[in-house]
Amino acid sequence: FLNIYFEKIETIEKSSQKQTLVFPADSLQNMIVDLMNECIFIIETSETIPVEILEVKKEEDTYSITILKKRRNSKTEFGLPIKAATYHQLEIKTTPNYFLRIIFDV
């Protein structure tokens with residue numbers, strides 16, 4: 001995802017911050033697409049880049065996802081602009097190994 005969005009990523013290492021995102025737990029597919037779209041929103045509206053998922057908690061009716069964001073510096077170069085994550089050909093497998101295929105609108 002980040003390799004498409006940026007030609008070159010440079011962050012300020014000491015500027016990391018955590019953020020917890022909460023999504024409805026109606027389906028794993030919806031949560032994945034919502035998470036990707038929220039990451040796009042964060043990149044587009046702030047000077048930070050989501051770089052890592054630290055924790056995922058599934059509760060009765062929500063997913064709580066804690067991400068690590070780092071501040072990008074002026075040397076970061078954007079690549080293709082991503083408009084949104086889509087459900088088109090979305091594929092998630094959890095056995096025997098984890099696998100995710102997601103298509104982005106550019």
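When the chain is treated as a Gaussian network with alpha carbon springs shorter than 10 Å, the biggest mean-square fluctuation among L21, L80, L68 belongs to L80.
Looking at the chain, the accessible area is 65 square angstrom per residue; that uses a 1.4 Å probe and ignores ligands, DNA and RNA.
Couplings 3J(HN,Hα) of region 68-82, computed from phi: 9, 10, 10, 6, 8, 9, 5, 7, 5, 10, 7, x, 6, x, 9 Hz, in residue order, whole Hz [Karplus 6.51 cos²θ - 1.76 cosθ + 1.60, θ = phi - 60°; x for Gly and Pro]. Solvent-accessible area of region 54-106 (1.4 angstrom probe, protein heavy atoms only): carbon and sulfur portion equals 50 percent. Note on K14: lysines with a C-alpha under 27 Å away, same-chain residues under 8 apart excluded, are K57, K69, K70, K75. In this view, the solvent-accessible surface of D105, computed with a 1.4 Å probe and all protein chains in place, comes to about 80 Å².
Extending 7 Å from Cα along the Cβ direction at V22 and again at K75 yields two label points whose distance is 3.9 nm. For a paramagnetic label modelled on T94 (point 7 Å from Cα along Cα→Cβ), amide N atoms under 19 Å away belong, within region 21-49, to 22-36.
Order S27, S74, most accessible first, counting only protein heavy atoms with a 1.4 angstrom probe. Walk me through the numbers on the way to the answer.
On the way: S27 30, S74 120 Å².
Highest to lowest solvent-accessible surface, that is S74, S27.
Rank these residues by their accessible area, most exposed first, probe 1.4 Å: Y98, Y87.
Working: Y98 195, Y87 115 Å².
In descending accessible area the options line up as Y98, Y87.
Computed over the chain with a Gaussian network model linking Cα atoms closer than 10 Å, the most mobile of T76, T94, T62 is T94. When the Gaussian network model of the chain links Cα atoms closer than 10 Å, the mean-square fluctuations of T66, T95, T45 top out at T95. When only the Cβ of Lys, Arg, Asp and Glu is charged (+1, +1, -1, -1), the dipole of region 45-106 relative to its Cα centre reaches about 300 debye.
First select every other residue whose beta carbon is under 15 angstrom from the beta carbon of V22; then total the charges, Lys and Arg +1, Asp and Glu -1.
Values: positive: K18, K57, K58; negative: D26, D34, E38, E55, E59, E60, D61.
Around V22, the surrounding residues sum to -4.
The values are calculated or read from the model by the stated rules, or taken from the named source; none is laboratory data. Since the model is a prediction, treat every value here as computed from it, not as a measurement. Note that each Cβ is placed from the backbone with ideal geometry, even for glycine, and that neighbours are counted across all protein chains shown. Heads up: the accessible areas ignore ligands, DNA and RNA and are worked out on the full protein's heavy atoms, side chains in. Shrake-Rupley method; radii C 1.70, N 1.55, O 1.52, S 1.80 Å.
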